[in-house]
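A short reminder: the numbers here are calculations on the coordinates, not readings from a lab. The model shown is predicted, which means the values in this text are computed figures rather than measured ones. Reconstructed Cβ throughout: ideal geometry from the backbone, glycine too, with neighbour counts over all protein chains shown.
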Amino acid sequence: MEQTFPALTVFYDGACPLCAREIAFYRRRKGADRLRWMDVAQLAPDQDVAPGLARADAMARFHVMDAQGKLISGGRAFAEIMARLDGFRIIGRVLRREPLASLLDGAYAMFLPIRPQLQRLFGGRREPAPCTDDGACDPASKRRD
């Protein structure tokens with residue numbers, strides 16, 4: 001039996017204030033209800049997030065998974081989200097194309113080493129937001145953005 005996936009599943013670190021704010025921004029956009037949002041900070045440390053994606057990897061780098069089960073990470077993952085949100089579709093589709101997709105990935109790679117310092121500026125790590133049984137989480141339920 002073939003496994004089916006939502007149009008796009010977004011895996012994010014809900015315990016990271018910076019990440020939670022950005023995800024909250026996207027979740028308020030029109031069309032966000034068509035995406036599945038999964039706070040990986042809610043999972044046990046040894047639990048896999050999705051086929052081929054360990055929790056540790058999902059916590060270290062931003063990932064999304066498309067309807068075919070393909071994992072996309074880094075800057076390209078942000079372009080995938082934008083391409084599916086009303087008001088951001090055109091920019092998302094443009095950012096998916098080379099050379100912009102590679103530039104976006106490069107910018108994300110430069111951001112990763114400074115993420116811990118930025119987290120401290122935003123108040124350190126937080127308790128993850130509560131999730132439903134299907135893994136969908138509400139980043140705004142415990143924090144304001």
_If I take R0 = 22 Å and measure r between the Cβ atoms of Leu112 and Arg28 in this structure, what FRET efficiency does the formula 1/(1 + (r/R0)^6) give, to the nearest 0.05?_
0.30
*For the range 8-121, give the share of DSSP beta bridges that are antiparallel, in percent and rounded to the nearest 5; count only bridges with both residues there.*
70
_Convex hull of the range 8-121 built on C-alpha atoms - directionally averaged projected area, nm²_ = 7.0
